[in-house]
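Laboratory data are not the source of any read-out in this text; all were calculated from the coordinates shown. Predicted, not measured: the structure shown is a model, and the values here were computed from it. Counting neighbours? That spans all protein chains shown, and the Cβs are built from the backbone with ideal geometry, glycine included.
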Amino acid sequence: MKDLLTIFDLTKADLEALIKRALELKQAYKRGERYTPLSGKTLVLIFDKASTRTRVSFEAGMNQLGGASVFLSSADSQVGRGEPVKDTARVISGYADGVVVRTFGHEIVEEFAKFSTIPTINGLTDEHHPCQILADVMTIVEKKGLQENFAGLGELKVSWIGDGNNMANSWIEASALCGFELSIACPSGYCPDKGLVSFAKERGANLKICVGVEEAAGNADVLNTDVWASMGQESEDAERRKDFEGFQINKELLELAKPDAMVLHCLPAHRGEEITGDVIDGKNSAVWDQAENRLHIQKAILEKLLT
Ligand code: CP
Ligand code: NVA
């Protein structure tokens, strides 16, 4: 495997191995052990969109593994002035050992991967966010104690409340690998792409698409949401606020889920829109562990792809 562009670049065995390794790396890091297999290596981050978690966790992870990172935003590089993706990909391949790309169309990251000779990691596109979903599944495995028997993942009901966006797409692919039921509630017109859904179903995903919010949340083990307007959709903000009314994880909805249900949100969150403040700051919320696990899972990804 050269690149990580979508969850479907992984097999079930790859996903389980990455999560196991991430949990080991997390423990070793917390014990204060130094482990520097990427000494002398360089990771380049090319970002066309804003980021806090993805940027800092990749840069910190690379540093912890003994390597270095270079951050390039489209605002201050030739990428933003229209240098072709394939040219940038070839040039960066001569300097670095891996690249993380955060951009708009998924075809951009595919083109980058095609023309680069170094591993290309998708740090979020309009269609997919694989590193986030790996951290999310890791958090479920960790907090529900499933690391000895990943089969337990297949018994869970995961629900998605909100937009059928990049996050939802990567969750759909994860359902095919992990076997959990994924129940998705989206307003009409915002359901996930039909082609992606049927492809995932063919690969074994257990999906309930566009059910009502209450049906999705009922008896759920994991409740998930994301912003109503993603990066690049700012002009649709007002319209989406109307369309997504009721598609919120709040105390009442949480009460329909299992008592120990875990609430996940990739962050950044808009309290009072897709999730209420009491829920995100409440006892069922795992969002801070989820955010921290970006670091550990990405260290496992970097170790796999760059060594
Ligand atoms: N969840 C996530 O990708 O966060 P950032 O946009 O801050 O990187
Ligand atoms: N769906 C959101 C996720 C942010 C991490 C976006 O693309 O903006």
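Laid out as a table, the results:
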{"read-out": "Candidates 135, 17, 168, ranked by Gaussian network fluctuation over the chain, Cα under 10 Å, top entry", "value": "17"}
{"read-out": "Rounded to 10°, Cα long-axis angle of helix 85-95 versus longest principal axis of the chain", "value": "60 degrees"}
{"read-out": "Length gained when the stretch residue 258-residue 199 is fully extended (0.36 nm per residue, less Cα-Cα span)", "value": "18.3 nm"}
{"read-out": "Which listed pairs, of 20/41; 30/258; 20/143; 144/304; 20/144, have C-alpha distances above 21 Å, in listed order", "value": "20/41; 30/258; 144/304"}
{"read-out": "Whichever aspartates and glutamates have a C-alpha closer than 13 Å to that of residue 114, once near sequence neighbours (fewer than 8 apart) are set aside", "value": "3, 87"}
{"read-out": "Top positive-direction residue, dipole computed over the chain with Cβ charges, set 232, 137, 117", "value": "117"}
{"read-out": "Å³ per residue enclosed by the Cα convex hull of segment 1-61", "value": "122 Å³"}
{"read-out": "Most fluctuating residue given options 163, 87, 97, as computed from a GNM of the chain linking Cα atoms under 10 Å", "value": "87"}
{"read-out": "Computed [θ] at 222 nm, deg cm²/dmol, the chain (DSSP H ≥ 4; -39,500 (n - 2.57); rounded to nearest 500)", "value": "-13000 deg cm²/dmol"}
{"read-out": "10 Å binning of all Cα-Cα separations within the chain, expressed as whole percents from 0 upward", "value": "6, 28, 35, 23, 7, 0"}
{"read-out": "Rel. contact order, % - alpha carbon contacts under 8 angstrom, at least six apart, the chain", "value": "20 percent"}
{"read-out": "Cα gyration tensor, segment 89-200 - rounded (a/c under 1.5), prolate or oblate", "value": "oblate"}
{"read-out": "Nearest 10 degrees, 0 to 90: helix 106-115 Cα axis against the chain principal axis", "value": "30 degrees"}
{"read-out": "Against the rule of thumb 2.2 N^0.38 Å, how large the Cα Rg of segment 1-147 comes out", "value": "1.06"}
